[in-house]
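Below is one structure, written out as structure tokens; the observations come after it.
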Amino acid sequence: MTLPATGAGGAAEAKAVADAGPERIRVLFVSTGDSIRSQMAAAILRRDAGDRFEALSGGTDPRPVDPLTVRVLSEVGLDLGDATSKPVTSFLGKPIDYVVTLCDRARDRCPVFPSNAETLHWGLDDPAEVSGPDEQRLSAFRRTLTEVSGRIRAFVPLATLAAR
């Protein structure tokens, strides 16, 4: 099952993990709220890697998807549609190849996945912590998206090679 580029709710993502064929590399991005960084990472991976990967996201303390996340992804042609934040625990017991924590809080609070999942940590700043005028906050979200995109570009070929 291929997840649409527009995102999906928690049940659809969990089902996609269960339905994914063995050739697909399943990646779970974890942040604190699953409202910004993990949503960005999953959307970028879906766009850049297509059906070679299954991109999922979850949070240790889920919060609603931030409207600025939707906005900056829209600026690069990605529509989160009806994406929702999901608890990372909804993916326990599902086959996952990579668990990528995106902040120190998520790394510290992420459950251990009892599989052969590789664990990676990308310590990204939280753009939600930037205060000030809207343009300043929007700039922080754009910087985070740029950083996530660069990490995804580096990750995809390495994970592809490791899967062979």
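The values are calculated or read from the model by the stated rules, or taken from the named source; none is laboratory data. Here the structure is a predicted model, which means the values were calculated and not measured. All Cβ positions, even for glycine, are placed from backbone atoms using ideal geometry, and neighbour counts span all protein chains on display.
Here are some conditions: (1) more than 16 Å from VAL72 (Cα to Cα); (2) in a helix (DSSP H, G or I); (3) without any contact (Cβ under 8 Å) to a residue 40 or more places away in the chain. ARG153 meets all but one. Which one does it not meet?
Of (1) more than 16 Å from VAL72 (Cα to Cα); (2) in a helix (DSSP H, G or I); (3) without any contact (Cβ under 8 Å) to a residue 40 or more places away in the chain, only one is false for ARG153: (3).
Would it be correct to say that LEU120 is under 15 Å from the mean Cα position of the chain (by Cα) and free of Cβ contacts under 8 Å to residues at least 40 places away in the same chain? Working first, answer last.
Values: under 15 Å from the mean Cα position of the chain (by Cα): yes; free of Cβ contacts under 8 Å to residues at least 40 places away in the same chain: yes.
Yes; evaluated as a whole, the condition is true for this residue.
Among VAL72, VAL27, which is the only one that is of a type in the set (Val, Ile, Thr), within 12 Å of the chain's Cα centre (by Cα) and at pLDDT 95 or above?
VAL27
I need the full set of residues from region 117-150 which are farther than 16 Å from VAL72 by Cα and assigned to a helix (DSSP H, G or I), in order please.
GLU129
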